[in-house]
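Laboratory data are not the source of any read-out in this text; all were calculated from the coordinates shown. What you see is a predicted model, and the numbers here were worked out from it, not measured in a lab. Reconstructed Cβ throughout: ideal geometry from the backbone, glycine too, with neighbour counts over all protein chains shown.
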Amino acid sequence: MNELTAHDSFLLLDRLDKHFAGLHVTRDVSLSVAKTEIVALLGPSGSGKTTVLRLVAGFETPDSGSVRVEGEDVTRQPPERRRFGMVFQHYALFPHLSVGENVAFGLEAQRMPRADVDRRVAETLAAVDLAGFERRRIGEISGGQQQRVALARALAPQPRVLLLDEPLSNLDPTLRERTRRELKSIIRRVGITTLFVTHEQEEAFDLGDRVAVLNAGRLEQVGSPETLYEKPASRFVATFIGRSSVLAAAWEPAGGGARLAAGPVWRAAGGEGLAAGTPVDLVVRPEGLKLDGAPSRDSVAGEVIGRRYAGRSASFDVALDKGGAAEVLGTTDAARPGDRVFVAPDPAGPAPRVYPREQR
Amino acid sequence: MPRNATARQSKIQNPRSKISGFLLALLLAWLVCYPLLLTLREALGPPGWSLKYFSEFLRRPDEWQALWASLWISLATVVLSAAIGIPLAFLFERADFPGRRALGTLIALPVVLPPLVGVVAFLFLYGESGFVSRAAQALSGSKEPPWRLAGAGAILLVHAYSMYVYFYLFTRAGLARLDSAYLEAAAALGAGPARILTRVTLPLLRPALAGAALLTFMTSLSSFSAPYLFGGTFRVMTTQIVFSRLNGDNEMAMVETATLAAVALAGLVLLQRAEKRREVAGAIRGTPPARRRLRRGGAVALAGWLLALFLLLPHATLLLVSFVPAGTWTIEPLPPVLNLANWASVLTQTERLRPIVNSLWMAAASTALALLLGFAAAWLAVRRKSAWRGALEALVAIPWALPGTVFAVALAATFSRNAPWAGRFVLVGTAVILPLGYLVRNLPLTGRASFAGLRQLDPSLDEAAASLGAGPWRRLWRIALPLLRPALVAGASLAFITALGDFVVSIVLYTFDTRPISIEILSSLRMQDVGAAAAYGVLLAALSAAAFLLWGRRDEQSLP
């Protein structure tokens, strides 16, 4: 999906800034979400992703910046007037109410007539595959069912935007993948604009039309999974998304790449405009490297110190003689721990990218 | 725009909650702090800041004796209560024998019974004309009663009898929290049972024991009923204050009140430190060790039941005496006549029914108001994060630390003069002053329940309700209150029981028309009408026990 311009946007986060206890938790976060689009907020813990979601929901007020829906500024509106549905990490189902009463809660707040409430509750529960669960107690149903009740409760009042805070983190891994598929199909069927928070890349890539990567309160990059993986805009995104190795190098425009400490120059993208000799981090995917038995002009010598078997292939950890380590994807019989090997870029794989070395 | 940066705010900072927080803090300060400050002011003067009465207080040996008596009686109570409560807790938590459960609940009961009722029951059992001394007298053939239930020994006996419960409950809770892995680790390292007890179990229990010790100390320091009825010429601070007032020595009563308040506040500081340490220990979680089925389970059960009988004997005595008609029991070891005459007169004669009605309505009104104020304070402090939250929590907690006598005297002094511009009105002598006194004393009970309940409540429940379109009132009504109900009901029932059985505040502030049950018990005793006193006592005990058993036990499961 291509980048959206502001006039397409249904939900717009405009330069959101928030401090807690002197800590800058979100800085200048801007994001525009199209109608019915699903956007994942992905980041490590402490990156501010939950704060962004809470700012959108109205549980927090930004120090500056605004939240707009359909052109309406809701920044100063209390959560109860925003008509946003939210699924909480631990679901926050009301323990003293039944499943049906939980789902009816938002409809009753709208003062919907009783008969309509009952009908809508039944419909919504059916949509999440829990038809007839109205009278069950919250404590009686499984974690996966609780998750779906939370979703039904959020969807029943037909909100403008659906917000999900780590919706799958509370489920055990065997259940997670199936629930993720169900969640995806329900959201698609309802066709609701969705913003969700996760720290799992797989979840973000599977559910999100686009993924917004957050780090230390800053939005590092927003884009489709392919864009993030193939053209990471920062060293953080390059290392946070997918597996990669980081090698110290110096930019060498003449060679169209970067010179490694060990000597060879590897072709690399992303250094355009840098002065020759600028220290850079060269980030390379495991499938961008190969193992050779003999030295070549491009290769770097090292020793295999670990091997992880993964079916058709294996990944090898190589300690490089001149410092640093690289993860290389190869055939399962390419090498064994203890072998001397030569690591070289694989022209068939994705090219390494360079990023100016971060000042420490 | 200034930001509150100390905590994650779950709400837009509402200027209204700042104003309402301020107004509530002001109201609570007027109720709680203002009378205390006025008392201090009067103790330091007059005229001006002469400290005249303070220096007189310091010169008088009887004042020093009363202060010293308060302190040593309280310390001795701690030692005695620990000696009874701790072994009991080990027995009931670590051993298993028939009847353990029922008995374990039964022996915790004295804590909810009004102190005055326990004191009167002791009087009927062990007093000069009580059953035990009559029996001893009959056996020895003596003309004189074998002993007199008076002085420090009698006070200590009653204190130990009612306050061992704190040690018993705290130690049991501490033992239940103790992870058996510590004990197993110690055993695996070769430590024997005695070594495990002294090197592992007791050190881990230390915070719980410190909490129980200070609670016992504070309760004993503010104890009034036992010293008042058994003390005679032996005075502690609480009784000294009341006698000073009876002698018309109001200024000295103020000085004594201020001194007692200072001692109690020092105790509170210590208690809060102990509580902080206890929270750290509370982080230890795991499985408590399995109960051992005792080899001589039958013998232990028998001993346990005998003990329970011994502990409940005073109340059984009270029940028996309530059936003794006035003037029928003179020198016989056992009462010759038993009938329902006392009960009939107490429950049918308007004048005798009056104290019961008074106690019930005053306790109900003060509890309802205390619940309202306590919950409002907790709501503004915890949920709305009012700028006044620290003040609100402190104001609600202060009356808990101060003896009832202190508040009674302070309220009497403050509300006996009409100065509306200074927030003073003549309430003494009206029907308002006693419920007001009960209200102040009840604030910590309802307030603590509200604060603790709200803090335990997952804030995302409120957020979920808000995101579903529910406004603040709907969220309060549909989410917070139903979920907090068990905590609030438990706090309210404790408050109700305290107000119903109150003697300390009542004796300072009552009028003939508003006399509560406790005062009627006292005057019945004075008029030698022991049967009526016993009937009132039984009624008070039964009402308290009923309130406790019906609502007082907190239903932990219903909290998320």
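Let me check I've understood the local charge: for A:ILE305, count other residues with C-beta under 14 angstrom from its C-beta, Lys and Arg +1, Asp and Glu -1. What total comes out? Net local charge, A:ILE305 excluded: -1. Name the shape class, rounded, prolate or oblate, that the alpha-carbon gyration tensor gives for the protein assembly as shown, where a ≥ b ≥ c are the square roots of its eigenvalues, rounded holds for a/c under 1.5, and otherwise prolate holds if a/b is larger than b/c and oblate otherwise. The shape class here is prolate.
Of all DSSP beta bridges confined to chain A, the antiparallel ones make up roughly 75%.
Using a ≥ b ≥ c from the Cα gyration tensor of region A:2-82 (square roots of the eigenvalues), is it rounded, prolate or oblate, where a/c under 1.5 gives rounded and otherwise the larger of a/b and b/c decides, a/b for prolate? Oblate. Highest mean first, the peptides A:133-142, A:244-253, B:223-232, B:196-205 sorted by other C-beta atoms within 10 Å per residue fall in the order B:223-232, A:244-253, B:196-205, A:133-142.
Of all DSSP-defined beta bridges confined to the protein assembly as shown, some 75% are antiparallel rather than parallel. Relative protection proxy for B:186-193, B:233-240, B:128-135, A:34-41, from highest mean packing down: B:233-240, A:34-41, B:128-135, B:186-193 (other beta-carbon atoms within 10 angstrom). Karplus-based coupling profile of region B:442-454, in residue order and whole Hz: 7, 3, x, 5, 6, x, 4, 4, 5, 4, 5, x, 5, with θ = phi - 60° in 6.51 cos²θ - 1.76 cosθ + 1.60 and x standing for Gly or Pro. Pairs of alpha carbons in region A:270-348 separated by more than 16 Å make up 51% of all such pairs. Ranked for footprinting exposure by Cβ neighbours inside 10 Å, fewest first, B:MET362, A:MET86, B:MET527 give B:MET527, B:MET362, A:MET86. Per residue, the convex hull around the alpha carbon atoms of chain A comes to 167 Å³. Computed per residue of chain A from DSSP H runs no shorter than four, each worth -39500 (n - 2.57), the mean residue ellipticity at 222 nm is -7000 deg cm²/dmol.
Averaged over the residues of peptide A:194-203, the number of Cβ atoms from other protein chains lying within 10 Å of each residue's Cβ is 0.
What FRET efficiency would be calculated for the residue pair A:ALA261, B:LEU268, taking the C-beta separation as r and a Förster radius of 60 Å, to the nearest 0.05?
Values: r = 66 Å, r/R0 = 1.10.
FRET efficiency, A:ALA261 to B:LEU268: 0.35.
The listed peptides A:305-313, B:299-307, A:49-57, ordered by packing as a protection proxy, come out as A:49-57, B:299-307, A:305-313 (highest mean of other Cβ atoms within 10 Å first). Label-to-label distance for B:ARG526 and A:VAL246 is 8.5 nm, based on points extended 7 Å past Cα in the beta-carbon direction.
Give, in whole angstrom and from largest to smallest, the semi-axes √(5λ) of the equivalent ellipsoid of region B:171-276, with λ running over the eigenvalues of the Cα gyration tensor.
Working: eigenvalues 383, 40, 16 Å².
Each semi-axis is √(5λ); the values are 44, 14, 9 Å.
State the antiparallel share, in %, of DSSP beta bridges confined to region A:98-225, rounding to the nearest 5. Show your work: numbers first, answer last.
Details: 6 of 11 bridges.
Antiparallel bridges make up about 55 percent of those DSSP assigns within region A:98-225.
Peptide A:147-155 has a mean shielding of 1, counted as Cβ atoms of other protein chains within 10 Å of each residue's Cβ.
In what order do A:THR278, B:THR105, B:THR498, B:THR446 fall by count of nearby beta-carbon atoms within 10 Å, going from fewest to most? Each step should come with its number before you reach the end.
Details: A:THR278 17, B:THR105 12, B:THR498 23, B:THR446 31.
Sorted ascending by nearby Cβ count, the order is B:THR105, A:THR278, B:THR498, B:THR446.
For the segment A:100-108, counting C-beta atoms of other chains within 10 Å of every residue's C-beta and taking the mean gives 3.
Computed over neighbours whose Cβ is under 15 Å from that of B:GLN528, the net charge equals -2, Lys and Arg +1, Asp and Glu -1. Can you give the FRET efficiency for B:GLU56 and B:ALA176, using 1/(1 + (r/R0)^6), R0 = 60 Å, r = Cβ-Cβ distance, to the nearest 0.05? Efficiency, from the Cβ-Cβ distance: 0.70.
With the convex hull constructed from alpha-carbon coordinates only, region B:339-407 shows a mean projected area of 7.0 nm² over all directions.
For region A:100-180, the average shadow cast by the Cα convex hull is 5.5 nm², which is a quarter of the hull's surface.
Divide by every residue of chain B the summed helix terms, -39500 (n - 2.57) for each DSSP H run of at least 4, and state the resulting mean residue ellipticity at 222 nm, rounded to the nearest 500 deg cm²/dmol. Can you show the working numbers first?
Values: 25 runs with 388 residues, N = 560.
So the calculated ellipticity at 222 nm is -23000 deg cm²/dmol.
The mean sequence separation of alpha-carbon pairs under 8 Å and at least six residues apart, normalised by the residue count of chain A, gives a relative contact order of 15 percent. Close amide H partners of A:MET86, meaning residues 5 or more places away or on another chain with modelled amide H under 5 Å apart, are A:LEU163. Seen through its C-alpha gyration tensor, with square-root eigenvalues sorted a ≥ b ≥ c, region A:46-112 comes out oblate because a/c lies at 1.5 or above while a/b is not bigger than b/c.
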